[in-house]
Amino acid sequence: MPRYTRFDPKNGAADPEPVILQVDEFEVLRLLDYAQFSQEKCAQRMNISRTTVTRMYDLARQKVIRALVLGLPLVIEGGEVLVCRQMKPQCRGEQFCCHAPEEPAEKCREEKL
């Protein structure tokens, strides 16, 4: 899960309807733009097809730019995601992995949000 889940413009409109960015859309943006994964590597990490990555990436970018241009709050929540509760081997060395560094690398137990 992302550490920060709400972003509000300093001088935005009073009580506007927020733009909702789903957690899986956030993860696609994080992997492609921040971690600089290829779409193929992102698809493998998220266990989805590359075409799904492309579709989610386009939608996520549209949502973020809508919030920025219109001065709307951006909220990250929901979606069809599985969140790991234990370290996976591929998470070793990941700066923004959701696991504490001292947890052992065990088979991931996943929970649906």
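The values are calculated or read from the model by the stated rules, or taken from the named source; none is laboratory data. Please read these numbers as outputs of a predicted model, since none were measured by experiment. Here Cβ is always computed from backbone atoms with ideal geometry, including for glycine, and neighbour counts include all displayed protein chains.
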In this structure, does R30 turn out to be surrounded by 14 or more Cβ atoms within 10 Å (Cβ to Cβ) and closer than 16 Å to M1 by Cβ? yes
Check off (1) more than 16 Å from the chain's Cα centre (by Cα); (2) surrounded by 15 or more Cβ atoms within 10 Å (Cβ to Cβ); (3) at pLDDT 65 or above for C108 and give me the number that stays unchecked. (3)
With respect to E27, determine if the residue is free of Cβ contacts under 8 Å to residues at least 24 places away in the same chain and among the acidic types (D, E). no
Looking at (1) under 14 Å from the mean Cα position of the chain (by Cα); (2) surrounded by 15 or more Cβ atoms within 10 Å (Cβ to Cβ); (3) not aromatic (F, W, Y), which one does G78 not meet, given that it meets all the others? (2)
Please specify each residue of region 2-49 satisfying the condition of being over 14 Å from I76 (Cβ atoms) and among the acidic types (D, E). D15, E17, D33, E40
Which residue pairs have Cβ atoms under 8 Å apart, sit 6 or more places apart or on different chains, and have a first residue in region 49-75 that is within 18 Å of D33 (Cα to Cα) and a second that is of a type in the set (K, R)? L74/R6; L74/K63
Scan region 34-46 and report the pairs whose first residue is surrounded by 12 or more Cβ atoms within 10 Å (Cβ to Cβ) and whose second residue is among the aromatic types (F, W, Y), with Cβ atoms within less than 7 Å and a gap of 6+ or a chain change. R45/F37
